[in-house]
Amino acid sequence: MAIKTMREAISEALWEEMERDERVVILGEEVGLWGGTYAVTKGFYDHFGPERVRDTPIAEGVIVGAANGAAMAGLRPVAELMTINFAFLAMDQIVNHSAKLHAMFGGQMTLPVVIRAVGGGGRQLGSTHSQTPDVVFAHFPGLKVVSPGTPHDAKGLLKSAVRSIDPVMFIENATLYQMRGEVPEDEYLEPIGVSKVQRAGSDVTLISYAKMLQISLQAGERLAAEGIEAEVVDLRTLRPLDMEPALASFKRTNRAVIVEEGWCAYGVGAEVAARLYEEAFDYADAPIRRVAQREVPLPYNRDLEQQMLPGVEDVVEMVREVL
Amino acid sequence: MDQKEKLRLYHEMVLIRRLEERSADLYREGKIGGFLHLYIGQEAVGCGVISARRPQDRVITAYRDHGIAISCGMQPEAVMAELLGKDTGCSRGMGGSMHMADVDLNFWGGHAIVGAHLPLATGMAWADKHRGSDAATICFFGEGATNIGYFHEALNLSMVWKLPVLWVCENNEYAMGTAVERASAVDEIRRKADGYGMPNASVDGMQILEVHRAAKQALDHVRKHGPFLLEAITYRFMGHSMGDPERYRESDEIRKWRENDPIGIFRKHLQGIKGVGEKTLEREETRAEEQVEAAIRFAEESPDPTLDNLMSLIYAGEES
Ligand SMILES: Cc1ncc(C[n+]2csc(CCOP(=O)(O)OP(=O)(O)O)c2C)c(N)n1
């Protein structure tokens, strides 16, 4: 095992897949000459050349649209959206095309496209540049939505995403790029659509993913100091959603808190809580609770923005409420 | 343009330059957060165009907006306080660098989704025309924004409906690290207006007097006949935003453009005018510097917005 950053893990996954399969191409704004806005594709342009690492105009509609078309015609495009907030400009391509064409034409065409997009708040970028709208994408059948919370999972899941013959929205978090974690030296894949227990515990189940996985793990440490053992389940994929580990854990702990970075209303917490109630109502010893972003467009002011985002303290407090 | 107006504009350009330089300092000190895009090098475009507007004319731009805000009459205090995220900022600390606005000054904002404010300009001009007002809307955007669908949709509709919009493309050669010709099929951006039958012109964006003249003519056309696209050829002397590694251009290129500093050019012009001595120019420069320092003091001493402020802003509530 080596210690790598999330950025390195994601970059390696792309590099290895491009080496493995020459149908894999990258397109997006500043992915080439600049080396990627967040330096994920640094060195790719020189190594793989401008034909396979394509800088595009600022035109999200055609970035995803051309990726869809190229996928239909046999390439394996990885489209990078500079941030997930700009995915809204490509929404028609993602929702009405990536997610639909395979089923709508009776299975005749496939869209093996990966749409990489980075999101998350907390960097004082103002309300339009700070969103975590993951659930918006998870709403649509036909699309797979993956969002890793560790370098290990990021690498293994992104490699699976590139190999998937279905369209995958791969959501990263800008504040996690520097995060370090163990990454195996040998090649490996992580399966899409499989949740994972990232911390074992018997008192309460914390269900989260991506940045909030890290927050939940930190909360787990804090609670352990008080003698409370939290089990932390990492969803990793929002669609298709694997509820098994969360359900199994909830049936043992009888208490659950769901933690997400996006807004609470109609969110991941709402979906997961509904599924827990539907399938394990009798096991609940306390109402299932949610920790999420406050229901506001995020402000620029640093302290105020931080107050609006879910943190370790919020999770710890919510756990105390359900115990 | 009379001498008094010229001196006013010189002061405005220097004020913007100084404000941007000090903002960069404050960013490095961690007092300004988020993304910070500086207008240094492009001052003649905003100052030149806006000096040709009447108060009823609306202005809207992208995220590189501090200079445009000042030209619209925003006080440096309100700009600085917004940069520091204070309640006294023009957007009450909610928007930051990329989202300055003051609707009382008819400045309708810096907008940070590339191209998204162009349809807004079309809509504002539509409302003005619909209500029989003679206001025009001036919409600034970078050349990078002309490659997105929004640009084409907004220009086309403005032409079909003959709306009073002056489209001002600030062609500063690069969209982040992408040179014009790497992303646009035509590098003479104004030609894109031809596709919509829209009259257009280009102007040296480093020469404020030429920009002013071109904008005045263009606005006359806009009021009488409908949309016009003005392309100003300019250059940003700094990186795209703070922290840009600038691997995409040679320092030689930057040096050459810097010899064409719009403030230096205008200063030379003013020195040649009888009655404007070195002393007058220095006085304007000192005044600008003092204004910026006062604005920083004001911003630092201002209160942060509260949670209640934010909560009260989510919906406009009942119409009064
Ligand atoms: C829809 C959208 N895509 C991408 C971005 C990221 N982005 C911000 S500024 C910029 C470059 C814009 O260049 P240009 O329009 O030429 O304006 P300039 O920065 O040169 O003033 C990019 C790609 C964005 N803000 N919005």
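The values are calculated or read from the model by the stated rules, or taken from the named source; none is laboratory data. Because the structure is predicted, anything quoted here is derived from the model rather than measured. Glycine gets a Cβ as well: all are built from the backbone with ideal geometry, and neighbour counts include every protein chain shown. All accessible areas refer to the heavy atoms of the entire protein, side chains included, with ligands and DNA or RNA removed. Shrake-Rupley method; radii C 1.70, N 1.55, O 1.52, S 1.80 Å.
Points worth noting:
- Pairs of alpha carbons in the protein assembly as shown separated by more than 47 Å make up 20% of all such pairs.
- Using θ = phi - 60° in the Karplus curve 6.51 cos²θ - 1.76 cosθ + 1.60, the 3J(HN,Hα) couplings for region A:48-63 round to 9, x, x, 6, 9, 10, 9, 6, 10, x, 6, 6, 4, x, 7, 5 Hz; x is entered for Gly and Pro.
- Region A:2-29 and region A:157-210 have Cα centres lying 15 Å from one another.
- Measuring max minus min along each principal axis, the C-alpha atoms of region A:57-131 give extents of 45, 21, 16 Å (largest first).
- Summed over both chains, the area buried between B and A is near 2800 Å², taken from the accessible surface of protein heavy atoms with a 1.4 Å probe.
- For residue B:250 and residue A:282, the FRET efficiency from 1/(1 + (r/R0)^6), where r spans their Cβ atoms and R0 equals 56 Å, is about 0.20.
- The overall shape of region A:2-183, judged from the alpha-carbon gyration tensor, is rounded, with an a/c ratio under 1.5.
- For residue A:195, the residues whose modelled amide H falls within less than 5 Å of its own, excluding neighbours fewer than 5 places apart on the same chain, are A:242.
- Other protein chain C-beta atoms within 10 Å of residue C-beta, averaged over B:303-311: 4.
- Size of region B:3-303 from its Cα atoms: along the principal axes, largest to smallest, the extents are 49, 46, 43 Å.
- Computed magnitude of the charge dipole of the protein assembly as shown (debye, nearest 20; Cβ of K, R +1, Cβ of D, E -1): 1480 debye
- Ordered from longest to shortest, the equivalent ellipsoid semi-axes for region B:142-195 are 22, 10, 9 Å, each the square root of 5 times a Cα gyration tensor eigenvalue.
- Heavy atoms of the protein chains alone define the surface here; on that basis the protein assembly as shown has 40 Å² accessible area per residue at 1.4 Å probe size.
- The simple spin-label model puts a point 7 Å past each Cα toward its Cβ; for residue A:109 and residue A:73 those points are separated by 1.1 nm.
- Rounded to the nearest Hz, the phi-derived 3J(HN,Hα) couplings of region A:221-237 under the Karplus curve 6.51 cos²θ - 1.76 cosθ + 1.60 (θ = phi - 60°) are 5, 4, 5, 4, 4, 9, x, 9, 9, 9, 9, 10, 9, 9, 5, 6, 10, where x marks glycine and proline.
- Placing +1 on each Lys and Arg Cβ and -1 on each Asp and Glu Cβ, with no other charges, gives region B:3-303 a dipole about its Cα centre of roughly 820 debye.
- Radius, Kirkwood style, for chain A when every pair of distinct Cα atoms is counted (Å): 20.0 Å
- Across the options B:218, B:240, A:201, the greatest Cα extent toward the positive end of the charge dipole of the protein assembly as shown (unit charges at beta carbon of Lys, Arg, Asp, Glu) belongs to B:218.
- Global form of region A:175-291, assessed from the alpha-carbon gyration tensor, a/c cut-off 1.5: prolate
- Note on residue A:20 and residue B:130: their simple-model spin labels are 5.5 nm apart, each label 7 Å out from Cα toward Cβ.
- Between residue B:152 and residue B:216, the modelled label-to-label distance comes to 3.7 nm, taking each label 7 Å out from Cα in the direction of the beta carbon.
- Average silhouette area of region A:207-254, convex hull of alpha-carbon atoms, in square nanometres: 3.3 nm²
- Under the combined filter of DSSP loop state and at most 10 neighbouring Cβ atoms within 10 Å, region B:231-273 retains these trypsin sites (Lys or Arg not before Pro): B:247.
- Distance from the alpha carbon centroid of region A:63-80 to that of region B:222-271 works out to 36 angstrom.
- Placed amide H near residue A:119: partners under 5 Å, 5+ positions off or other chain: A:84, A:172, A:173, A:174
- Close amide H partners of residue A:239, meaning residues 5 or more places away or on another chain with modelled amide H under 5 Å apart, are A:145.
- Neighbouring partner chain Cβ atoms per residue of A:290-302, average, 10 Å criterion: 6
- Dipole of region B:3-303, positive end: most advanced residue of B:69, B:37, B:179 [Cβ charges, Cα centre]: B:69
- Shielding by partners for peptide B:174-182, expressed as the average number of C-beta atoms from other protein chains within 10 Å of each residue's C-beta, is 4.
- Whole-Å distance, taken between Cα centres, linking region B:12-36 and region A:283-323: 34 Å
- Potential lengthening of the chain between residue B:304 and residue B:2 amounts to 104.5 nm, from the contour at 0.36 nm per residue minus the alpha-carbon distance.
- Computed with a 1.4 Å probe over protein heavy atoms only, the accessible area of residue B:74 comes to about 10 Å².
- Backbone phi angles across region A:123-134, fed through the Karplus curve with coefficients 6.51, -1.76 and 1.60 (θ = phi - 60°), yield HN-Hα couplings of 10, 6, 9, x, 5, 7, 10, 10, 7, 10, x, 3 Hz in residue order; Gly and Pro are listed as x.
- Protein heavy-atom surface of region B:3-303, 1.4 angstrom probe: 50% of the accessible area is carbon and sulfur, with nucleic acids and ligands not counted.
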